[in-house]
Every structure is written in structure tokens, then in C-alpha cells.
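Undergrad: Take a look at the following structure, please.
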Amino acid sequence: MAINVNKLLEAGCKVKIFMANWFALTSYSVSLRKVIDVCSYNTEMWRTAGMRLDEVELVRSSDEISRDLHRYWPLALKVARSTNLSEVTECILSSKDTRPYYDEPKSLFSHEVFGTCMHSAAILSRDEADVWLLDVGQRASNKVAERYREREAAMREDPHRPVVALFHGVLPSLLEYPEIEMFGDPRWAIYMEDTEWEVGRAMRKAFCPPGTVEGNPCLEYIRQIIFPLFGKFEVVCEDGGDRTFLSMEELAADYESGALQAADVKRALEKAINAALQPVRDHFSFASNRPMKRR
């Protein structure tokens, strides 16, 4: 999130972050006050991760929608009426993030359909937005919004303004066989709150097939996170000949040829991830040398 927002700012974009606190209430049985607290926590997390927040406008969906009630809710109902259940179900199931789970979801909860229509209406009601930056779980809302706009344009025989969306890259599961691993095994990913011990645990388990670049989750972490953050990737080799890579292409070529060993890459990735997370630990006073209890 921090990396991609900074890229947009560098490209000259004016960035507004839409904190979807109302939409969270469709999924969790908590108060709006609690959700707003979580929004504040996310904001601090982005700040410590390096996002240039002083150049970003933060808005809460509860505030934005409350100021535009007479437009938003009729639009949300219209989206729901014009989208049949099979269509919205297909959009949601094809967009679900299933990386931490056994298999593909087979059914939905009603709040998922309701929340998707609400989010789609929010996208459609923000006329000032030229481009949306969304995560993998929001692809369904984008699809429903785009199909709604296409239908409305066809009825009016008028060219429609497309819903333009960019999506965050999806980091793969670190596990070799996530479909047969323990359900919800936390080692499938690196979390922003992870301690050094937890990062090390995940890296020891991480799948990093020697000489294989395609489908290698460790190399994807390096490509999507480490190079954008640091501009380089430093590897200390057990047999000497330490290397500093300045591009993903250079790293991939050495790894594919066998000049770079999987064990060396995993150790270097663990060190780089800990360097990226250390400002977060310092800011939130997380311990860096002991496991944390998860709720």
C-alpha cells in the first residue's frame, strides 16, 4: 500500500484514501467507533512503512456518505436491483483471496452481496475519482460497478465513462502446498506485526525451489517489496562472493543459472524483511526477538 501510493504521488497524482469503515460493519459485529480506531491504526502503519501521508487526503466513508445520503443510498439500491444474484456471486467468488485457505469458496454470506453493492455504489458516486487503487478483495465491487455503468450507458445509448482501477500486486503463499497445510497456517505470509522470530519461522518454511524463477514465492516478495523499498537486494553467500543486485532481471538470471543458492536468497530475504519492518516495530514498541500471541 505504501509503495504503490508513493508511486502515484511521484507520478503527479492527487491521492485521496477512502477509509471504508462503514463497509467493515457489514462483515464484523463491532461498533463504528472500534472500526474508526482500526482505521487510525492502519494510518499509523502506513506512516511507519514510509507512505508520504502529508501529501495524501484521508477520508472516512461514514463521513463522505453522510454528506451525500440523498445520492448514495438510492444509487446503492439501484445497483442491487439491477445486478442479478448469479452475476454478483460470480464477481465475488472470482475475486476472493483464497491464499490462506484449503480450497475455493463454494458459497457466500448475505453480507458479502450487500457489502459489494454498497462498495460499488461508493465507487460510482465519487465522480472526482479518475483512477481507483484497490486490493484483491475489492475486485468484485469494481466488476459490479463497471457492469452497472455499461448497462446504464446502453440504456441511454450514450458512451459510458469506464471505472478505471489499478490493483495491488498479490503476493503468493509462501507454502509449497498450501492446499494440504494446516488450515490458516500463519507461515503462508509475512504480517506487518511480525517479530524477527516470526519472520524467521516463515522463512525457514518458505518454498524457494532452486534454479526456478517462475512461481517462486520468495522471488516475488523480493520483486514486489524489497526492490521497490530499497532499490537493491544484498546477498551474503555462505561460500563467499557476496552480491548486491540492482535489478530483478539480474537476480533472476543468477538464480536460474545456479550461481545463487536458495538458502542464501532466503537468508537475505529474511534480513531485508526485518529491515523493512523494524520502523514499524519501533513505532508500535513490538518486541523483535520473541513470538507474539495472536488473537
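Undergrad: Which count do you get for residues in the stretch 249-268 that are out of contact with any strand residue (DSSP E or B) (no Cβ under 8 Å at 6 or more places or on another chain) and in a loop (DSSP other than H, G, I, E, B)?
TA: 3
Undergrad: If you take the residues in the stretch 5-47 that are modelled with pLDDT under 85 and hydrophobic (A, V, I, L, M, F, W, C), which one is nearest to residue 131 (Cα to Cα)?
TA: Taking the candidates together, the pick is 20.
Undergrad: With 114, 109 as the choices, which residue is aromatic (Phe, Trp, Tyr), under 24 Å from residue 67 (Cα atoms) and modelled with pLDDT under 90?
TA: Going through 114, 109 in turn, just one is aromatic (Phe, Trp, Tyr), under 24 Å from residue 67 (Cα atoms) and modelled with pLDDT under 90: 114.
Undergrad: Moving on to the next point. Given 221, 191, which one is surrounded by 15 or more Cβ atoms within 10 Å (Cβ to Cβ), among the aromatic types (Phe, Trp, Tyr) and modelled with pLDDT of 90 or more? Working first, answer last.
TA: On the way: 191 fails: surrounded by 15 or more Cβ atoms within 10 Å (Cβ to Cβ).
Every option except 221 fails the conditions.
Undergrad: For the stretch 123-135, give me each residue that is farther than 23 Å from residue 74 by Cβ and buried (at least 16 other Cβ atoms within 10 Å of the Cβ).
TA: The initial filter retains those residues of the stretch 123-135 that are farther than 23 Å from residue 74 by Cβ, namely 130-131, 133-135.
Passing the criteria: 133, 134.
Undergrad: Wholly within the stretch 1-88, which helices (runs of 4 or more DSSP H) include no fewer than the required count, namely at least 3 residues that are open to solvent by less than 70 Å² (accessible area, probe 1.4 Å) and more than 28 Å from residue 276 (Cβ to Cβ)?
TA: Fully inside the stretch 1-88 and qualifying: 61-66, 69-82.
Undergrad: In the stretch 148-175, what residues are open to solvent by 60 Å² or more (accessible area, probe 1.4 Å) and at pLDDT 85 or above?
TA: Scanning the stretch 148-175 gives 150, 151, 164, 166, 167.
Undergrad: Is it fair to say residue 237 is surrounded by 15 or more Cβ atoms within 10 Å (Cβ to Cβ) and farther than 29 Å from residue 7 by Cα?
TA: Against the criterion (surrounded by 15 or more Cβ atoms within 10 Å (Cβ to Cβ) and farther than 29 Å from residue 7 by Cα), residue 237 qualifies.
The values are calculated or read from the model by the stated rules, or taken from the named source; none is laboratory data. The shown structure was predicted, so the numbers you read here are calculated from the model rather than taken from an experiment. Note that each Cβ is placed from the backbone with ideal geometry, even for glycine, and that neighbours are counted across all protein chains shown. Calculation scope for accessible area: heavy atoms of the full protein, side chains included, ligands and nucleic acids excluded. Shrake-Rupley method; radii C 1.70, N 1.55, O 1.52, S 1.80 Å.
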